[in-house]
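Chemist: A single structure is presented below for examination.
The values are calculated or read from the model by the stated rules, or taken from the named source; none is laboratory data. Remember, it's a predicted structure, so these values are computed and weren't measured experimentally. Cβ coordinates were reconstructed from backbone atoms using ideal geometry, including for glycine residues, and neighbour counts include every protein chain displayed. Please note that ligands, DNA and RNA were not included when accessible areas were found on the heavy atoms of the full protein model with its side chains. Shrake-Rupley method; radii C 1.70, N 1.55, O 1.52, S 1.80 Å.
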Amino acid sequence: DEDDAKVVVRLPREWQGTAMEKAELDHAVMTRLPGGWNVAYKLRGAKHTATYSRIPRPPKKVTAEEVFGLIQNSKPTAPVFAVGPRMKPITADLVADSPHFAISMGSGAGKSYTVRALIVPMLHAGAEVHIMDIKRTSHRWVKGLKNVRVYKEVEDIHDALVSLGEEAARRHKYEDENEGAEFHPIVVVVEEANSLADELDDYWEQLREFDKTLPKNSPAFKGMGHISFGGRSASVHLIVVAQKLDARLFGKRSAGAVRENLALRLMARFTRNAWKQLADISPMAKLAKYLGRIAVVSYGEWEEAQVIYWSDEMAREYATSGVVTPASQPAVTAEIVAEEPPLTGDASQDTTSQEWVRDTDPRPTGPQDDEGQDGTVVPFRRPLDEAPWDTENGAETAPEEAKEEPRVLDTFKGIYDRGLLPGATYESARQAYSRESKKGMAPAPIQEKPKKLWDVDEVAEWWVDRQAEKAKRSG
């Protein structure tokens with residue numbers, strides 16, 4: 001297992017070996033040896049040999065402090081996230097190689113550890129990061145960071161993927177019409193994709209039971225498709241983390257194509273089937289069993305690398321010491337709706353924004369930094385403009401209808417989350433509504449598309465009356 005190890009195979013003097021015969025010999029030898037090996041044939045003289053020399057291996061562990069110079073000197077579009085033999089920097093080149101990554105690792109191999117090494121330099125360079133974390137505890141170190149938003153509930157993850165996918169499509173279209181347009185990077189991390197795919201399917205089936213007019217396939221998977229197909233030109237990047245990267249993780253339509261777009265693949269503790277599926281390189285890689293030791297697979301080649309370790313403190317400091325782009329709150333529909341309950345990101349994150357709409361003004365006005373200076377990137381979302389009568393010094397007066405208290409609309413789940421359906425789980429409240437709406441005893445939705453919305457007061461009043469009637473019958 002030494003870096004300078006050599007294995008010499010003696011060959012018959014008459015053996016010259018065709019290309020196929022040499023390949024078969026190399027496969028027979030290298031599949032029995034750990035790590036990577038080079039081979040040199042000597043087929044002249046008295047002794048004919050094949051000498052296999054060990055390719056030096058990466059260090060057992062490398063910290064961000066040790067390679068900070070490499071990290072700082074890397075291009076914004078090619079962050080250094082690992083090192084190879086002799087401390088060779090391993091980069092994720094978002095332009096030259098692949099705008100999207102797949103992380104396929106067995107349990108305990110360091111999936112979240114690898115994601116951190118990828119996104120910290122991106123955050124420093126001005127990216128905003130959105131993490132779909134159905135596991136809920138994968139990235140506690142990002143809590144409170146302005147340039148990261150975490151989604152933990154399946155309904156929030158669904159809405160975020162739809163909205164982020166639409167933003168990728170919008171950017172792609174804008175770049176097509178305005179060649180050379182530049183955007184600040186958006187990074188979408190999908191954690192525990194195997195579990196999440198099942199949750200998204202179940203969630204969408206529940207919604208379809210409620211509304212049969214909804215499409216058969218979940219638009220969340222379509223959102224991931226938009227991100228994967230328009231990523232490079234739109235500067236929207238997808239990182240998918242899974243124990244096994246099945247095509248089904250990306251829905252029933254275009255699933256295989258989406259997986260193929262994840263051209264840079266980081267693998268560890270993989271099975272033979274997983275290697276065949278994602279790398280298809282012979283012989284199969286054999287890695288040292290260190291935390292953070294990975295095979296970096298790209299376009300038919302692989303190399304062994306050690307992921308850079310970032311402590312919580314250093315990761316937070318570096319992620320917020322460069323160009324900080326606040327993570328936008330995705331809109332849940334294309335319509336102006338009543339204020340939604342806060343998403344399920346960390347409580348310390350800013351969730352006090354106004355209503356949001358999709359940005360229809362493609363001019364690159366950019367966000368503002370703490371000093372109020374304009375940025376130079378196309379904004380992801382912008383808040384609604386205030387009406388003149390809402391401003392402190394507005395000269396105009398509100399029209400009569402504007403003075404009336406507006407109806408507050410929300411989704412059924414949103415109304416439940418407001419605490420207006422006490423004494424029931426969400427599932428039982430939804431089923432009760434379904435039964436009574438068929439009898440004409442429950443309020444109908446005010447808006448049907450693109451998402452069903454109810455009058456909050458009407459639903460709350462219906463629930464109070466229903467509970468009172470139920471108590472009267474039981475009494």
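Chemist: Does any residue in region 256-285 that is over 18 Å from Gly110 (Cβ atoms) come within less than 7 Å, Cβ to Cβ, of a residue that is among the acidic types (Asp, Glu) and in a loop (DSSP other than H, G, I, E, B) six or more places away or on a different chain, and which pairs are these?
Modeler: Ala263/Asp97
Chemist: Okay, moving on. Out of the helices (runs of 4 or more DSSP H) lying entirely within region 255-322, which hold 3 or more residues that are at pLDDT below 95?
Modeler: Per the criteria, 255-261, 272-278.
Chemist: Also: Do you know which of the residues in region 271-313 that are in contact with a helix residue (DSSP H, G or I) (Cβ under 8 Å, 6 or more places away or on another chain) and not aliphatic (A, V, I, L, M) is farthest from Ala28 (Cα to Cα)?
Modeler: Among those that are in contact with a helix residue (DSSP H, G or I) (Cβ under 8 Å, 6 or more places away or on another chain) and not aliphatic (A, V, I, L, M), it is Asp312.
Chemist: Given the criteria closer than 20 Å to Ile103 by Cα and more than 13 Å from the chain's Cα centre (by Cα), does Arg136 qualify?
Modeler: Working: closer than 20 Å to Ile103 by Cα: yes; more than 13 Å from the chain's Cα centre (by Cα): yes.
Judged against the criteria, Arg136 is a match.
Chemist: Find the residue count for region 421-475, including only residues that are open to solvent by less than 60 Å² (accessible area, probe 1.4 Å) and among the β-branched types (Val, Ile, Thr).
Modeler: 2
Chemist: Additional query: Could you list, in sequence order, the residues of region 1-31 that are in contact with a Ser or Thr (Cβ under 7 Å, 6 or more places away or on another chain) and farther than 15 Å from Leu43 by Cβ? Walk me through it before giving the result.
Modeler: The first filter runs over region 1-31 and keeps only residues in contact with a Ser or Thr (Cβ under 7 Å, 6 or more places away or on another chain), leaving 6, 8-11, 27.
Within region 1-31, Lys6, His27 meet the criteria.
Chemist: Only one of these conditions is not met by Ile103: (1) under 18 Å from Glu301 (Cα atoms); (2) surrounded by fewer than 18 Cβ atoms within 10 Å (Cβ to Cβ). Which number is it?
Modeler: Tallying (1) under 18 Å from Glu301 (Cα atoms); (2) surrounded by fewer than 18 Cβ atoms within 10 Å (Cβ to Cβ), Ile103 fails exactly one: (2).
Chemist: If you scan region 438-465, which residues turn out to be part of a helix (DSSP H, G or I), within 42 Å of the chain's Cα centre (by Cα) and not small (Gly, Ala, Ser)?
Modeler: Within region 438-465, the subset part of a helix (DSSP H, G or I) is 438, 456-465.
Next, only the ones that are within 42 Å of the chain's Cα centre (by Cα) stay: 438, 456-464.
The answer is Lys438, Val456, Asp457, Glu458, Val459, Glu461, Trp462, Trp463, Val464.
Chemist: Also, I was wondering about something else. Consider Tyr52 carefully, then state whether it is hydroxyl-bearing (Ser, Thr, Tyr), in contact with a strand residue (DSSP E or B) (Cβ under 7 Å, 6 or more places away or on another chain) and farther than 15 Å from Pro283 by Cα. Even if it seems obvious, please write down each step before you answer.
Modeler: Values: hydroxyl-bearing (Ser, Thr, Tyr): yes; in contact with a strand residue (DSSP E or B) (Cβ under 7 Å, 6 or more places away or on another chain): yes; farther than 15 Å from Pro283 by Cα: no.
Criteria not met by Tyr52.
Chemist: When you scan region 61-77, do you find a residue that is touching a residue at least 12 places away in the same chain (Cβ under 8 Å) and over 28 Å from the mean Cα position of the chain (by Cα), even just one?
Modeler: no
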